[in-house]
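The values are calculated or read from the model by the stated rules, or taken from the named source; none is laboratory data. Not measured: the values here are computed from a predicted model. Virtual Cβ from ideal backbone geometry, glycine too; neighbours counted across all protein chains shown. We work out accessible area using only protein heavy atoms, side chains counted, and drop any ligands, DNA or RNA first. Shrake-Rupley method; radii C 1.70, N 1.55, O 1.52, S 1.80 Å.
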Amino acid sequence: MSITYNESTKTFLLNTKNSSYAMKIAPYGYLLHLYYGRLIPDSDLDYLIQFQDRGFSPNPFEAGNDRCFSLDFLPQEFSTSESGDYRSGSIEVENEDGSRIFCGKVSHFDIEPKKHLLKGMPSLRAGDQDTVQTLTIHLQDEISGLQADLIYGVFEEKDIITRSVLLVNNGSGPVRINRFMSATLDYMDSDYDLIYFAGRHTMEREAVRIPVERGLHAIGSSRGSSSHQYNPSLILCEKNAGEEHGCCYGFSLIYSGNFLMEAEKDQYSQLRINVGINPRGFSWLLNPGDSLESPELVLAFTAQGLTALSHLYHDIFRDNLCRSPYVKKPRPVVINSWEAAYFDFDEKKLLDIAQSSLQMGVDLFVLDDGWFGKRDNDCCSLGDWTVNYAKLKDGLKGLSQRIHQMGLSFGLWIEPEMVSEDSDLYRSHPDWCLRVPGRPAVRGRYQLVLDLSRSDVCDYLIAAINRLLSEARIEYIKWDMNRSLSEAWSSLLDRSRQGEVYHRYVLGLYHIMDQVILTHPDIIFCGCSGGGGRYDPAMYYYHPQIWCSDNTDAISRLKIQYGTSFFYPMSALESHVSICPNHQTGRTVSLKTRGITAMDGILGYELDSTRLSSEEREQCRRQVETYKHFEELVLNGDYYRLSSPYANPYFTAWQFVSKDKKRSVVSVVLTDKESNDAQRFVKLRGLSRQGRYRIEGQERILSGALLMNAGIPIPSGLKEYEGIQFELTMAEER
Ligand code: GLA
């Protein structure tokens, strides 16, 4: 049993294969946290909680004269509010009488042999082979009537615990929720580092590692989407933790909107982690009988270092999160028109690109922005999802037919959540966007955001996209979103509910995606938001691959893809070879290196193939061939970061290994080169120690142990930015 309750000690023990999570119903009904870490057999952990009489630490009324019981320092599962805990809390409420107290005590609990699925939001599901149990602990505030159901999903074999919270107003008056975390985790020590993924447009998910310091450290988004700036993922690890060793905790929120992740080291050097919806701009009115559910947090613990942590997330996300039937299957190698033509094309130009890309061995042609309304630049037409016949004389149908006749599949770019002021949609429905009447609207890339908190707008979009999908044969959709939200004000909500707009937007988006993406399982949907501005687990639920960044420079991509790899499987990452000098950085890197870097995910091309020489197209064809040869490793193998682009100035290296350890591919890119350089070796990982491997093109057969401990020499003739791949096949199993 992965979830047990010890009646005599009132302790819950949640066990996975390698981790334990413990909590207990303490005196007076408070739910206290006891432990999260390596697997333990005990169910009496009471000694871990040291009650003390501490100055300025108030005691709940029920404690009477017991001055040692104070929520000021006790570790909690879901903190109270205004009840003597002064740390950043799990919840902030406004009761009908204006008081801000939530004092949740355990009323009862249930254990069920299944996974709880969130309503209206993506969450992990149990696979056929998984043993999953769900524990729900009901906390009740007797006076306001607000109930918080803490929901814990335990994936026993997969070392994963999920947490979410369902609020139910059982009282007789309305309660306003101003802050709502999916989970609070209290640690009794704080000797850890934090790793998070920060960035900006065209430079997403840079890995940042800092020590936990006294005070409150927060990352998050208030942009309405999960954002380029911070990813909703966080690692807490021992100070000496590295790729192969050390205790690591992972936190990944399945949510695409405003989120918050806090680490607070308190007065006693205890640590609190909070994860949930960002309270900034959030306020939700809960009338009697109403309920509100938090997004789901995916927690993982390993004592084996960062790679093991990544593998836990890669596996659970591939197996139990992504809904696309393509998640583990081969995907088409695409050629995308964006950097090839931008807005400047007609049917002939597109067909010429498609035709010349045939020699490259690509599978699918994607028509990016610029095909609809009168969109010759980014100032107009978003919302008018009707084809521009001046550019495409026979419409999408004609273009798609011709592309198919060439033997390619056809894909299309859309950005359904947006509207241009210069559009028929805006002219007929000016109130359908997020803006405040009487105030000038804030524009982003000249566009406004449709109000997805409105069901009529969602219905319109569902019908419009479904119509589009039936207009021509389309096998791939790139679903873009190109600005941050602002002025989250909806004309259909009264003033008491305007604080709900950001979250309602996200729920509206999920509803549209449920109705469009999940009803077209044959189409591959690629997520995008100005590159990787909405690269989050909830988007991965819908899209088997996400455009990782608008930066296609291979050397920048080393960092972007490195940061992305901590939580997301590389098969979720779409990466394209583009032209040099690169359009974003001006850098020139060999076509070979661009190919190697793009094979660190789902390979594609983003260039005008008519401008490549025949030799270059032939080189691309060989790249596609190589990629297809390795594709299974990218889709379903284990991923190893061999060398960090931050720590190692000389080279970045990564490796895919098949689950049975029989095949592997290692990629190395030189990031700096000195004259008469030191001989460097890349040490491999994940191989069988006893297994003996042949490196493609070499005579020698070497043991996995040798390859992992001594490594492979990086050829000294390689120049700066040059790359090399090694393919390994197990020759003998021992
Ligand atoms: C975003 C995407 C790009 C491209 C443009 C089109 O920036 O990330 O790949 O599709 O929009 O406008």
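Peptides 314-322, 678-686, 218-226 ranked from most to least packed by the mean count of surrounding Cβ atoms within 10 Å: 218-226, 314-322, 678-686.
Accessible area per residue for the chain is 36 Å², calculated with a 1.4 Å probe on protein heavy atoms, without ligands, DNA or RNA. Once the Cα atoms are used to define both axes, helix 395-405 deviates from the longest principal axis of the chain by about 70 degrees. The accessible surface of the chain, taken with every protein chain in place and a 1.4 Å probe, is 48 percent carbon and sulfur. Segment 282-335 and segment 695-710 have their alpha-carbon centroids 36 Å apart. Please list, by residue number, everything in segment 269-289 whose backbone N is under 16 Å from a paramagnetic label point 7 Å out along Cα→Cβ of Asp431. What the label zone holds, given the 16 Å backbone N cut-off, is no residue at all. All alpha carbon pair distances within segment 468-525 were sorted into 5 Å bins beginning at 0; the resulting P(r) in whole percents reads 4, 15, 20, 19, 13, 12, 10, 5, 2, 0.
Enumerate by residue number the GluC sites (Glu not before Pro) in segment 97-178 meeting two conditions: DSSP loop (anything except H, G, I, E, B), and at most 16 other Cβ atoms within 10 Å of the site's Cβ. Present the calculation step by step, with values, prior to reporting the outcome.
Working: sites: Glu142, Glu156, Glu157; in loops: Glu142, Glu156, Glu157.
Here the GluC sites (Glu not before Pro) that fit, given the DSSP loop and packing criteria, are Glu142, Glu157.
Spatially, segment 146-225 and segment 447-474 are offset by 32 Å when compared through their Cα centroids.
Taking a ≥ b ≥ c as the square roots of the Cα gyration tensor eigenvalues, segment 560-640 comes out oblate, since a/c reaches at least 1.5 and a/b does not exceed b/c. Which angle between 0 and 90 degrees, to the nearest 10, do you get for helix 614-636 versus the longest principal axis of the chain when only C-alpha atoms count? The angle comes out at about 30 degrees. Taking amide H atoms as placed 1.01 Å from N in the peptide plane, the amide H of Val577 lies under 5 Å from those of Gly604, Tyr605, Glu606, each 5 or more residues away in sequence or on another chain. As a calculated quantity, the FRET efficiency between Leu39 and Phe61 at R0 = 41 Å, using C-beta atoms, amounts to about 0.60.
Give the peptides 648-659, 340-351 in descending order of average Cβ contacts within 10 Å, highest first. The partial results should precede the final answer.
On the way: 648-659: 20.2, 340-351: 16.5.
Descending mean neighbour count gives 648-659, 340-351.
Gap in Å between the Cα centre of segment 625-685 and the Cα centre of segment 343-401? If you average the Cα positions of each part, the centres end up 37 Å apart.
Give me the percent relative contact order of the chain, please, defined on Cα pairs under 8 angstrom at least 6 residues apart. List each step's numbers first, then the result.
Working: 1837 pairs, mean separation 73.0, N = 734.
Taking the mean separation of contacting Cα pairs over the length of the chain, I get 10 percent.
Placing a label point 7 Å from the Cα of Glu244 along the Cα-to-Cβ line, the residues of segment 698-734 whose backbone N sits under 14 Å from it are 704-712.
Return the subset of Lys239/Lys662; Lys374/Lys397; Lys397/Lys478; Lys592/Lys673; Lys17/Lys659 for which the Cα-Cα distance in this structure is over 23 Å, preserving the input order. Can you show the working numbers first?
Values: Lys239/Lys662 34 Å; Lys374/Lys397 18 Å; Lys397/Lys478 18 Å; Lys592/Lys673 17 Å; Lys17/Lys659 19 Å.
In this structure, Lys239/Lys662 lie more than 23 Å apart at Cα.
Protection proxy ranking of 720-730, 505-515, by the mean of other Cβ atoms within 10 Å over each peptide's residues and highest first, is 505-515, 720-730.
When a/c is below 1.5 the answer is rounded, else prolate if a/b is larger than b/c, else oblate, so apply that to segment 605-734 with a ≥ b ≥ c taken from the square roots of the Cα gyration tensor eigenvalues.
oblate
I need the shape label for the chain. Rule: rounded when a/c is under 1.5, else prolate if a/b > b/c, else oblate, with a, b, c from the alpha carbon gyration tensor. It is oblate, given that a/c is not under 1.5 and a/b is not larger than b/c. Compared with the dominant Cα axis of the chain, that is its longest principal axis, helix 455-471 is turned about 30°.
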